[in-house]
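A short write-up of the structure that comes next.
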Amino acid sequence: MQLPVETDLFTTVVMAHPRRAEAAHQLARSIGHGARVIFDPDPDGPPSSSRAAARAWRHCGSTVSHHLVLQDDVVPTPLLLESVARAISAHPESALALYANSNSWHGGAARVALLAGYEWVSWVPLEYFPTVAAVLPCHIAHEFADIAEQQGGAAIDSDDRKDDMLMRSFLESRKYRALVRTSALVEHKTMPSIAGNDVNEVRRSVCLAAPDEFSADSESFLSELLAWPNFAYHRARLKLPSKQGRSGFQTQDRADHLMAVGLHWEDLCAMAAELRHELPGIPARHATQQRFLQELFLASYTAGWSLAAVQGPGAGPPRRTPVAEAALRSYAEAGLTYESAVEQWADHFGALIDFMWRALELARSRG
C-alpha cells in the first residue's frame, strides 16, 4: 500500500550512467512522486562518480528544502519516501545516509546502534560517506555540487573521483552533522561496475528497514559510539579512540583488541568450541572452518561488548527480532567476504546466528 508522503519537503533524482539508462528509468518509475534521472554528462570520459554527482546534487528543486539522490544500482524499500520525510522533519540540518555496507566501519556502528534501539547513528570521518542513497539540505547539496564539479573533471587521484570520498572531505571540512540509517532504506543490486570494480565481494546493507521496526514518531540517533566493531575479510576488528591526545579512532592490533574486550585467545577458542558443540548444524571439520568460527565468535563478542556500553531508547537486552537476526546474518556474510563463501555456508546460517547471538549476549552480560 502506498503511504501518503510529504513530497513538498524534498526532490528525488537517480544518478546514472547512460549504459544503465533502462535500469535507472525503471528505478525512477518505481519511486514515483516526480523522481527524475540525471546522467553522467561525459559518459565516455574517465570513470568519475563525482562528475555525475555534481549534476545530481545541483538538481535540488527551488520550492523544497532537501534533496534525495539515489545511485542507479539500488532497490528501494516501500518505506523509502515516508521514512525520508520523517527523517527530514526530525533532522533538518543533517546529511543523511540511508544505507551502509555491512562490511564497513559505519555498518558495524549501525549494527550496534540498531541492536540498542536507535534508528540512526552519527557518521564520523573514519571512512567514506555512504552516497548510495543520501539526503542533503538543498543549500548543502548546492555547495557539494560546486566542489564535485571542480573535482569531477580535474582530479587525477582515483579517490578524488569518487563521490563518497569527496563527500567525506566536504562534510568534515565544513563540520556538517551527518547521520547513517541503522536499517537501510535501499538495498544494493548486483550490476556490472561502470568503473570495472567487479570482484564478487558481498555488497549489501546491514539489514533492511521493516514497517514495525520503530515507533511511528521515533527518529532517535546514537550521537557517540566509542567502540567500533567490524568483521571483514575473515577477521574481527575493533576501532577505539586514539591515544596520546590524537584525534580520531585507531584500529587495534589483535593483542590490544583482546585486552580491550577482556579475552585471552586460548579462552576464546575454548568458548567458541564449546558453543559450537552445543549447537547442531555448524560444520567445523576443517581448520579453515574452525578459524572462521573463532573469528566470528570474537566479532560477535566485540559487538556485544560495544553494545553493553550503549544506553538505548529501550530498556533491557536487545530483542531477537527478524531485523536483529538479519543484522547478525549480514555480519557473518561480511566476514565471509565473497558471495561464493556465503553460498558454501548457506545451509548453516540458522545455527550461525544462534552462535553469534549467544556470543553477543555473553559479552553484553559481562559488560
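Inspect the range 324-332 for any residue being of a type in the set (Lys, Arg) and part of a loop (DSSP other than H, G, I, E, B) and give the result as yes or no.
no
Which number in (1) in a helix (DSSP H, G or I); (2) within 22 Å of the chain's Cα centre (by Cα); (3) at pLDDT below 95 marks the one condition that residue 108 misses?
(3)
Scan (1) at pLDDT below 95; (2) open to solvent by less than 70 Å² (accessible area, probe 1.4 Å); (3) outside any helix (DSSP H, G or I) for the single condition residue 231 breaks and write down its number.
Residue 231 satisfies all of (1) at pLDDT below 95; (2) open to solvent by less than 70 Å² (accessible area, probe 1.4 Å); (3) outside any helix (DSSP H, G or I) except (1).
Answer yes or no: is there a residue in the range 235-249 that is open to solvent by 60 Å² or more (accessible area, probe 1.4 Å), in a loop (DSSP other than H, G, I, E, B), on the phi > 0 side of the Ramachandran plot and in contact with a Ser or Thr (Cβ under 9 Å, 6 or more places away or on another chain).
No, the conditions are met nowhere in the range 235-249.
Criterion first (open to solvent by less than 50 Å² (accessible area, probe 1.4 Å) and basic (Lys, Arg)) does residue 51 satisfy it? Give the steps one after another, and end with the answer.
Numbers: open to solvent by less than 50 Å² (accessible area, probe 1.4 Å): yes; basic (Lys, Arg): yes.
Criteria met by residue 51.
State which residue is most open to solvent (accessible area, probe 1.4 Å) when the search covers only the range 295-328 and only residues that are among the aliphatic types (A, V, I, L, M), in contact with a strand residue (DSSP E or B) (Cβ under 8 Å, 6 or more places away or on another chain) and under 15 Å from residue 103 (Cα atoms).
In this case the residue turns out to be 326.
What residue, of 256, 354, 267, 347, is closer than 22 Å to residue 126 by Cβ, acidic (Asp, Glu) and assigned to a helix (DSSP H, G or I)? Full working, then the answer.
Numbers: 354 fails: closer than 22 Å to residue 126 by Cβ; 267 fails: closer than 22 Å to residue 126 by Cβ; 347 fails: closer than 22 Å to residue 126 by Cβ.
None of the others qualify; the one that does is 256.
Go through the range 111-127 and report how many residues are in a loop (DSSP other than H, G, I, E, B) and under 11 Å from the mean Cα position of the chain (by Cα).
Let us first name the residues in the range 111-127 that are in a loop (DSSP other than H, G, I, E, B), namely 116-119, 123-127.
Restricting the remaining residues to those that are under 11 Å from the mean Cα position of the chain (by Cα) gives 123.
So the count comes out to 1.
Against the definition (of a type outside the set (Phe, Trp, Tyr), open to solvent by less than 60 Å² (accessible area, probe 1.4 Å), at pLDDT below 95 and farther than 20 Å from residue 73 by Cα), how does residue 154 come out, yes or no? Before the answer, list the steps.
Details: of a type outside the set (Phe, Trp, Tyr): yes; open to solvent by less than 60 Å² (accessible area, probe 1.4 Å): no; at pLDDT below 95: yes; farther than 20 Å from residue 73 by Cα: yes.
Answer is no for this residue.
(1) touching a residue at least 24 places away in the same chain (Cβ under 8 Å); (2) within 27 Å of residue 252 (Cβ to Cβ); (3) surrounded by 15 or more Cβ atoms within 10 Å (Cβ to Cβ): which one isn't true of residue 289, the others all being true?
It is condition (1) that residue 289 fails.
Would you please name the residue that is nearest to residue 331 (Cα to Cα), looking only at residues in the range 82-101 that are open to solvent by 10 Å² or more (accessible area, probe 1.4 Å) and not in a loop (DSSP other than H, G, I, E, B)?
By that ranking, first place goes to 101.
Just one of (1) touching a Ser or Thr at 6+ places or on another chain (Cβ under 6 Å); (2) without any contact (Cβ under 8 Å) to a residue 24 or more places away in the chain; (3) not charged (D, E, K, R) trips up residue 67, so point out which.
Looking at each condition in turn, residue 67 falls short on (2).
Within the range 65-79, work out how many residues are open to solvent by 30 Å² or more (accessible area, probe 1.4 Å) and either touching a strand residue (DSSP E or B) at 6+ places or on another chain (Cβ under 9 Å) or more than 24 Å from residue 188 (Cα to Cα) (or both).
4
In this structure, is residue 37 assigned to a strand (DSSP E or B) and of a type outside the set (Ser, Thr, Tyr)?
Values: assigned to a strand (DSSP E or B): yes; of a type outside the set (Ser, Thr, Tyr): yes.
Spelling it out, residue 37 is indeed assigned to a strand (DSSP E or B) and of a type outside the set (Ser, Thr, Tyr).
So is residue 310 modelled with pLDDT under 95 and assigned to a helix (DSSP H, G or I) or not?
Details: modelled with pLDDT under 95: yes; assigned to a helix (DSSP H, G or I): no.
Criteria not met by residue 310.
Looking at 117, 61, which one is open to solvent by 20 Å² or more (accessible area, probe 1.4 Å) and within 27 Å of residue 21 (Cα to Cα)? Step through it out loud before you land on a result.
Details: 117 fails: within 27 Å of residue 21 (Cα to Cα).
Result: 61 is the single residue among 117, 61 that is open to solvent by 20 Å² or more (accessible area, probe 1.4 Å) and within 27 Å of residue 21 (Cα to Cα).
Is it the case that the range 329-339 has a residue that's open to solvent by 60 Å² or more (accessible area, probe 1.4 Å), out of contact with any Leu (no Cβ under 6 Å at 6 or more places or on another chain), under 22 Å from residue 203 (Cα atoms) and at pLDDT below 95?
Let us first name the residues in the range 329-339 that are open to solvent by 60 Å² or more (accessible area, probe 1.4 Å), namely 329, 338.
Imposing the further condition that a residue be out of contact with any Leu (no Cβ under 6 Å at 6 or more places or on another chain) reduces the set to 329, 338.
Going one step further and asking which of them are under 22 Å from residue 203 (Cα atoms), we end up with 329, 338.
Now drop any that are not at pLDDT below 95, which leaves 338.
Yes, there is a match, as at least one residue in the range 329-339 is open to solvent by 60 Å² or more (accessible area, probe 1.4 Å), out of contact with any Leu (no Cβ under 6 Å at 6 or more places or on another chain), under 22 Å from residue 203 (Cα atoms) and at pLDDT below 95.
Right, residue 144: free of Cβ contacts under 8 Å to residues at least 60 places away in the same chain and open to solvent by less than 50 Å² (accessible area, probe 1.4 Å) or not? Spell out how you get there, then give the answer.
Values: free of Cβ contacts under 8 Å to residues at least 60 places away in the same chain: no; open to solvent by less than 50 Å² (accessible area, probe 1.4 Å): yes.
Judged against the criteria, residue 144 is not a match.
The values are calculated or read from the model by the stated rules, or taken from the named source; none is laboratory data. All figures in this text were calculated on a predicted structure; none of them were measured in a lab. Neighbour counts run over all protein chains shown; Cβ positions are idealised from the backbone, glycine included. Keep in mind that these areas ignore ligands, DNA and RNA; they rest on the heavy atoms of the full protein, side chains included. Shrake-Rupley method; radii C 1.70, N 1.55, O 1.52, S 1.80 Å.
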